[in-house]
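Read through the structure below, which is laid out as structure tokens, and then see the notes.
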Amino acid sequence: MIALLHGKLLEKHPNQIILQTGGVGYDVLIPISTFSALPDIGAEVQLRIYTHVREDALALFGFFTADEKAVFERLISVSGIGPSLAIKVLSGLATSDLIAAIRGGQVDQLVRIPGVGKKTAERIVLELRDKLEGVGPALAPVPSAKPAARLSTLEQDVLSALLNLGCKASAAEAAVRQAKNAGVPEDFEPLFRKALELVR
């Protein structure tokens with residue numbers, strides 16, 4: 001099993017990267033929190049890897065921090081949650097907020113994540129509330145705000161991430177514009193989090 005990859009970042013998207021190591025390019029699926037922590041294309045990066053093996057496929061899921069990977073592994077232990085939904089859950093809330101929501105039984109926070117219904121949210125809380133010992137919060141950078149007149153490359157990345165989570169295109173774009181106008185710091189993760197709150 002692949003547990004860690006260190007190499008050159010060839011491509012990055014809000015839900016997926018290509019990482020070159022040892023002459024091989026690995027397609028790795030990632031949550032939003034990992035995307036926002038990635039360096040520029042061409043830089044070296046190291047990710048913790050979860051290798052998901054099925055009869056018909058082998059998929060790699062990458063995480064910037066140990067906490068992200070630990071929460072992911074606990075999420076996929078919940079009945080009815082596979083790796084794809086677990087990545088969406090990790091993308092829907094910052095890692096520290098997700099841990100707090102599960103520990104605090106905040107089902108209302110979890111159901112705001114696209115793809116998570118009330119029953120799934122209740123199952124996550126029920127099965128994981130007491131299984132997050134040793135998993136601490138991850139800190140996210142908060143840079144200064146700088147509003148843009150139209151959708152920038154950053155805002156297009158946020159829009160793409162919302163679409164990957166299953167949001168409708170028109171609603172997602174409106175949410176990105178509202179988040180931008182709300183004076184959110186012009187960095188991927190805070191803008192994404194605000195847009196996700198606003199999307200209808």
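The values are calculated or read from the model by the stated rules, or taken from the named source; none is laboratory data. Please read all numbers here as calculations on a predicted model, not as lab measurements. Positions of Cβ are generated from backbone atoms using ideal geometry, with glycine treated the same way; all protein chains shown enter the neighbour counts. The protein model used for the area step is the full one, side chains on, heavy atoms only, and it has no ligands, DNA or RNA in it. Shrake-Rupley method; radii C 1.70, N 1.55, O 1.52, S 1.80 Å.
Consider the stretch 122-141 and keep the residues that are modelled with pLDDT of 60 or more and not charged (D, E, K, R). The one that is farthest from residue 186 (Cα to Cα) is 126.
Does residue 60 fit the bill of being in a helix (DSSP H, G or I) and either open to solvent by less than 70 Å² (accessible area, probe 1.4 Å) or small (Gly, Ala, Ser) (or both)? No, not satisfied. Pairs meeting the criteria (first residue in the stretch 116-136 and under 15 Å from residue 71 (Cα atoms), second residue in a loop (DSSP other than H, G, I, E, B) and not charged (D, E, K, R), beta carbons under 6 Å, at least 6 apart or on different chains) are 121/111; 123/78; 124/78; 125/105; 127/78.
Listed by first and then second residue, the pairs with beta-carbon distance under 8 Å, at least 6 apart or on different chains, first residue in the stretch 48-63 and touching a residue at least 12 places away in the same chain (Cβ under 8 Å) and hydroxyl-bearing (Ser, Thr, Tyr), second open to solvent by 30 Å² or more (accessible area, probe 1.4 Å) and not in a strand (DSSP E or B), are 50/69; 50/73; 51/1; 51/2; 51/3. Here residue 199 clears all of (1) under 13 Å from residue 92 (Cβ atoms); (2) open to solvent by less than 40 Å² (accessible area, probe 1.4 Å); (3) modelled with pLDDT of 85 or more except the condition numbered (3). Quick one: is residue 65 within 28 Å of residue 111 (Cα to Cα) and surrounded by 21 or more Cβ atoms within 10 Å (Cβ to Cβ)? So residue 65 fails the test.
Against the numbered list (1) surrounded by 14 or more Cβ atoms within 10 Å (Cβ to Cβ); (2) at pLDDT below 85; (3) of a type in the set (Lys, Arg), residue 150 comes up short only at (1).
Taken over the stretch 2-48, the criterion of being of a type in the set (A, V, I, L, M, F, W, C), more than 24 Å from residue 191 (Cα to Cα) and crowded, with 18+ Cβ neighbours inside 10 Å is satisfied by 5, 19. Pairs meeting the criteria (first residue in the stretch 27-42 and more than 16 Å from residue 154 (Cβ to Cβ), second residue open to solvent by 40 Å² or more (accessible area, probe 1.4 Å) and hydroxyl-bearing (Ser, Thr, Tyr), beta carbons under 7 Å, at least 6 apart or on different chains) are lacking.
Name every residue in the stretch 1-26 that is in contact (Cβ under 8 Å) with a residue 24 or more places away in the chain, over 27 Å from residue 156 (Cα atoms) and outside any loop (DSSP other than H, G, I, E, B), in order of residue number. Please lay out each step first, then the result.
In the first step, residues of the stretch 1-26 are kept if they are in contact (Cβ under 8 Å) with a residue 24 or more places away in the chain; the result is 1-15, 17, 19, 26.
Retained after the next criterion (residues that are over 27 Å from residue 156 (Cα atoms)): 1-6.
Matches in the stretch 1-26: 4, 5, 6.
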